[in-house]
Structures are given as C-alpha cells and as structure tokens.
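The values are calculated or read from the model by the stated rules, or taken from the named source; none is laboratory data. Note that the coordinates shown come from a computational prediction; the quantities given were computed from them, not determined experimentally. Cβ sites come from the backbone with ideal geometry, for glycine too, and all protein chains shown count toward neighbours.
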Amino acid sequence: MRDRPDFNPSVAALPPYNAGMNVEVARRLSGRQDIARLASNENPDGCSPKVLEALASAAFEPARYADPACTLLREAIARDTGAPIETIVCGNGSEEMIAAIARATLTPGRTALTVVPSFGLHEIEPLAAGARVVKVPMTPAFGFDLDALEAALAKVPAVVFLSSPWNPVGPALDRDGLRRLIAATPPRTLFVLDEAYFEYADEGGPDGIEVLRASGIPHAVLRTFSKAYGLAGLRAGYAVCSDAETARVVAAAKTPFNVNAAAQVAAVAALDDKAWMRASVKRLKDERARVRDGLEGLGFRVAPSQTNFLFFDCGGDSADFVAALLKEGIIVKAWREPGFTTYMRATIGTPSENDRLIVALAASDRHDCA
Ligand SMILES: Cc1ncc(COP(=O)(O)O)c(C=O)c1O
C-alpha cells in the first residue's frame, strides 16, 4: 500500500456533504435532457435582470482582485438590515461563514449544538474543527424541541447552529420560541441563527437580526444571496455579528479574497432590486401551497414550510423514491440521517417541474403512508 500523509484525523473522518445531484450526471443516468432540479433549493425564477446588467458593466473587473473587505456590499447590507457595518462579514456563500464560525469558536473537546434533521454543514464544520456535535431531534409534529434545546444549552456548548426557517424541515421559530432559546443561552455560547430562507418566512415572523441585537447575547445571524435572490452559482452570503470583535474574529477565520468580484457586484445589484426578489418569493409561496396540496392529496405527511422546499415522509426508504423520480428526470433529495431516511426534500420549482414531481409520485406505488 502507498504511504499516506498524516491527515488531520477530524477532517479525514468527515462524512460527505449530501449535495444535490449535478444536472449532467442526472442527464447521463436518466437518459433525459429536461432535468427538473428540485434538490438544492435554488430559485427557478433565476435572478433580477439588474444583476445581469451589473455583471455586463464596468463595475465588474475580472482582471482585478476583488475587495477583500467587500466594502460596497457590506455598505449595502448595512443599509438593508440596519446592522452596523463593522459587525458584517461577507462570505463565499453563507456556508463559508459556517466554516469560519466553527474555526473561530471550536477546538477539540468543545461542543457544538444543533438539531436533527440538520443542515449538513452545521455538523460537518464543527466536526472538522475536532469538536463534539450534539443534535436535538425535531418533535413528532415537525417542530423545534424547545425543552430539549434548553436542556442542551444548559450544558454550555461553545456554539449553537440553528437554521430558522429550518432546512431541511421547513418551519421557523416564532418570536417567543426564539426568545426562549436566547434566554437559555449561556453567556459564553455563540448563538448562530442561520436565516438562509429568511425571505420566504411568514410575514410577521421574527427578524433574527433585530431580535438578537435587542437580546445583547453574543451571536451571528447568517443570510445568503443564493436562495430568494437567485445567486447560488455566484456565492455570496454574510454574517451579522453581535459586535465588531466577534466580526473581527470570524473574518480572521476566512480566506482573504473570499468573495469573488462577480459575486460582490451581483449581490449589490440584487439588493438594489428587492422588488424582483419579493415578486419571486410571492410566486414561489403560492406554488408551495399548490405543491403541498398535491402531496397531501397523494397521502404524504408534509411538514409545515416557511421556505422554498417541502419535507415529507414517503412511508418507505426515500432513496427508492428518489431513484424512481430520477428515471423521470427529476432530482430531489433523499434524507440520509439515521431516523429520517423515509423523508424526502423537494424544492419548489417552476409550475411545470412541480407538476412533473406530483405526477411521478402519483405513479409510484408507495404513497400510502399516514
Ligand atoms: C440552512 C442553510 N444555510 C446555509 C446554506 C448555504 O448557502 P450558501 O453557501 O449558498 O449561501 C444553505 C444552503 O442550502 C442552507 O440551506
């Protein structure tokens, strides 16, 4: 056997990230060209035309290093969120902020707290830092188990990662639930609220940036341009931290030129056209209600959703359903975490993609779960 480098054992032992299947792979496996990409929670509406105009303008300079401080983008985010600019750190997608926060807070022997089912990186990045990960399961009614989370917070994890709205399940913490968790968070724990799906949340729900700022606890709220703004391929996200010192340490844990020039220009333009984003969110929420009715009509148990996807129990191994759907040229995600392998997550796509999903599921012979 060939010699092996002395890898960092925490990294060498990492589980793979359960990424949605690539479209070319799906074409080869299904023999179809018209792939419905419903596995990665992308925006089927694309992005604002203003983004494409900005990328074609002189503002985008591919030959120059991009601004490592993302000055214009952070100014735009500060205007949009009301957060002080010195508390904002931009990332190569919000996933980079998860990695940076894990690196900034965790060492071997420390603990990160999250939920299960979980967004993969909320577990993978702490594991990469050598930390222990504690996962609190969802309630049978697809909710956050606030009692169990409070008990786990009392054990003083170094960091807690919660997505709300919750990927992969779909519901969001309400104001009282968020306040309960904040009150239970020990002073030295960093509370990370991942709001990747914030724009799809019900109106009247809590704005994590505001609620956490008012709380005064150490925190970071993560948001992204990948979902409602439709820039998943460009990679831009950000963390709004409780204070400048937390932002400095998170920024120290990222690579210097992390957000590329195209992503910075595009994200600024996207924030300049929130009307486009709001119209897209409205369309997708209407579509989400229609797809939910379709799935429930087939007998599936569907979780409540404040996101651009639906999570539902297939009543059998979801990998079998996913394989059957792939033959029809539809990519969805089979959940693989132990205890949740009967669940599937399907992104809300275009109306015709969604129709294809419902027709293909209706044709499957195992939709008789309660
Ligand atoms: C909860 C959550 N956080 C973070 C991300 C990362 O998004 P990005 O790196 O594209 O900003 C995702 C992507 O699916 C997500 O679902």
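Among the residues of region 255-270, at least one is hydroxyl-bearing (Ser, Thr, Tyr), over 19 Å from the mean Cα position of the chain (by Cα) and surrounded by fewer than 16 Cβ atoms within 10 Å (Cβ to Cβ).
Evaluate region 81-88: report whether one residue or more is among the acidic types (Asp, Glu), outside any loop (DSSP other than H, G, I, E, B) and modelled with pLDDT of 95 or more. Spell out how you get there, then give the answer.
Taking region 81-88 and keeping what is among the acidic types (Asp, Glu), we get 86.
With outside any loop (DSSP other than H, G, I, E, B) added as a condition, the list becomes 86.
Right, trim to modelled with pLDDT of 95 or more and you get 86.
Within region 81-88, one or more residues are among the acidic types (Asp, Glu), outside any loop (DSSP other than H, G, I, E, B) and modelled with pLDDT of 95 or more.
Might you check whether a residue that is of a type in the set (Ser, Thr, Tyr) and in contact (Cβ under 8 Å) with a residue 24 or more places away in the chain occurs anywhere in region 128-144? Checking region 128-144: not a single residue is of a type in the set (Ser, Thr, Tyr) and in contact (Cβ under 8 Å) with a residue 24 or more places away in the chain.
Checked against the criterion of being in contact with a Pro (Cβ under 6 Å, 6 or more places away or on another chain) and of a type in the set (Val, Ile, Thr), the candidates Thr185, Thr189, Thr224 yield just one match: Thr189. Looking at Arg103, Arg64, Arg37, just one residue is among the basic types (Lys, Arg), modelled with pLDDT of 95 or more and more than 16 Å from the ligand (Cβ to nearest atom), and that residue is Arg64. Within region 135-176, the set of residues being aromatic (Phe, Trp, Tyr) and in a loop (DSSP other than H, G, I, E, B) comprises Phe142, Phe144, Trp166.
Would you confirm, using the coordinates I've provided, whether Glu353 is closer than 24 Å to Leu29 by Cα and either more than 21 Å from the chain's Cα centre (by Cα) or not in a loop (DSSP other than H, G, I, E, B) (or both)?
On the way: closer than 24 Å to Leu29 by Cα: yes; either more than 21 Å from the chain's Cα centre (by Cα) or not in a loop (DSSP other than H, G, I, E, B) (or both): yes.
Considered against the rule, which asks whether it is closer than 24 Å to Leu29 by Cα and either more than 21 Å from the chain's Cα centre (by Cα) or not in a loop (DSSP other than H, G, I, E, B) (or both), Glu353 comes out as yes.
Of the residues making up region 142-167, those that are among the small types (Gly, Ala, Ser) and either within 16 Å of the ligand (Cβ to nearest atom) or under 26 Å from Gly20 (Cα atoms) (or both) are Gly143, Ser163, Ser164.
As for region 207-214, it holds at least one residue that is more than 30 Å from Ala39 (Cα to Cα), over 21 Å from the mean Cα position of the chain (by Cα) and more than 16 Å from the ligand (Cβ to nearest atom). Within region 272-291, the set of residues being over 19 Å from the mean Cα position of the chain (by Cα) and crowded, with 19+ Cβ neighbours inside 10 Å comprises Trp276, Val291.
Tally time: how many residues in region 213-231 are touching a residue at least 40 places away in the same chain (Cβ under 8 Å) and of a type in the set (Gly, Ala, Ser)? Please lay out each step first, then the result.
Restricting attention to region 213-231, the residues satisfying the condition of being touching a residue at least 40 places away in the same chain (Cβ under 8 Å) are 213, 220, 222-231.
If we keep only those that are of a type in the set (Gly, Ala, Ser) too, we end up with 220, 226, 228, 230.
So the answer is 4.
Residues of region 155-169 that are closer than 15 Å to Arg179 by Cα and either of a type in the set (A, V, I, L, M, F, W, C) or not assigned by TED's automatic domain parsing to the domain that holds Val133 (or both): Val160, Leu162.
State which residue is surrounded by the fewest Cβ atoms within 10 Å (Cβ to Cβ) when the search covers only region 108-131 and only residues that are within 15 Å of the ligand (Cβ to nearest atom) and part of a helix (DSSP H, G or I). Show your work before the answer.
Restricting attention to region 108-131, the residues satisfying the condition of being within 15 Å of the ligand (Cβ to nearest atom) are 112, 114-126.
Cutting the leftovers down to part of a helix (DSSP H, G or I) gives us 120-126.
Details: Gly120: 19, Leu121: 22, His122: 25, Glu123: 23, Ile124: 21, Glu125: 25, Pro126: 30.
This residue is Gly120.
Given the criterion within 23 Å of Pro137 (Cα to Cα), surrounded by fewer than 24 Cβ atoms within 10 Å (Cβ to Cβ) and touching a helix residue (DSSP H, G or I) at 6+ places or on another chain (Cβ under 7 Å), identify the matching residue among Ala244, Ala220, Ala158, Ala152. Show your work before the answer.
Working: Ala244 fails: within 23 Å of Pro137 (Cα to Cα); Ala220 fails: surrounded by fewer than 24 Cβ atoms within 10 Å (Cβ to Cβ); Ala152 fails: touching a helix residue (DSSP H, G or I) at 6+ places or on another chain (Cβ under 7 Å).
The unique qualifying residue is Ala158.
For region 6-27, indicate whether the set of residues that are crowded, with 16+ Cβ neighbours inside 10 Å, within 16 Å of the ligand (Cβ to nearest atom) and part of a helix (DSSP H, G or I) is non-empty. No, because not a single residue in region 6-27 is crowded, with 16+ Cβ neighbours inside 10 Å, within 16 Å of the ligand (Cβ to nearest atom) and part of a helix (DSSP H, G or I). From the set of residues in region 225-241 that are hydroxyl-bearing (Ser, Thr, Tyr) and under 13 Å from the mean Cα position of the chain (by Cα), which is farthest from the ligand (Cβ to nearest atom)? If we take residues in region 225-241 being hydroxyl-bearing (Ser, Thr, Tyr) and under 13 Å from the mean Cα position of the chain (by Cα), then Tyr238 is farthest from the ligand (Cβ to nearest atom).
Close contacts from region 232-256, counting a first residue that is assigned by TED's automatic domain parsing to the domain that holds Glu95 and a second that is away from the ligand (no atom under 15 Å from the Cβ) and in a loop (DSSP other than H, G, I, E, B), with Cβ to Cβ under 8 Å and a gap of 6+ residues or different chains, come to Val240/Ala83; Ser242/Gly216; Ser242/Ile217; Ser242/Pro218; Asp243/Pro218; Ala244/Pro84; Thr246/Pro218; Pro256/Pro68.
Is region 43-58 home to any residue that is away from the ligand (no atom under 14 Å from the Cβ) and modelled with pLDDT under 95? Scanning region 43-58, I find at least one residue that is away from the ligand (no atom under 14 Å from the Cβ) and modelled with pLDDT under 95, so the answer is yes. The residues in region 76-107 that are at negative phi and loosely packed, with under 14 Cβ neighbours inside 10 Å can be counted, and the count is 3.
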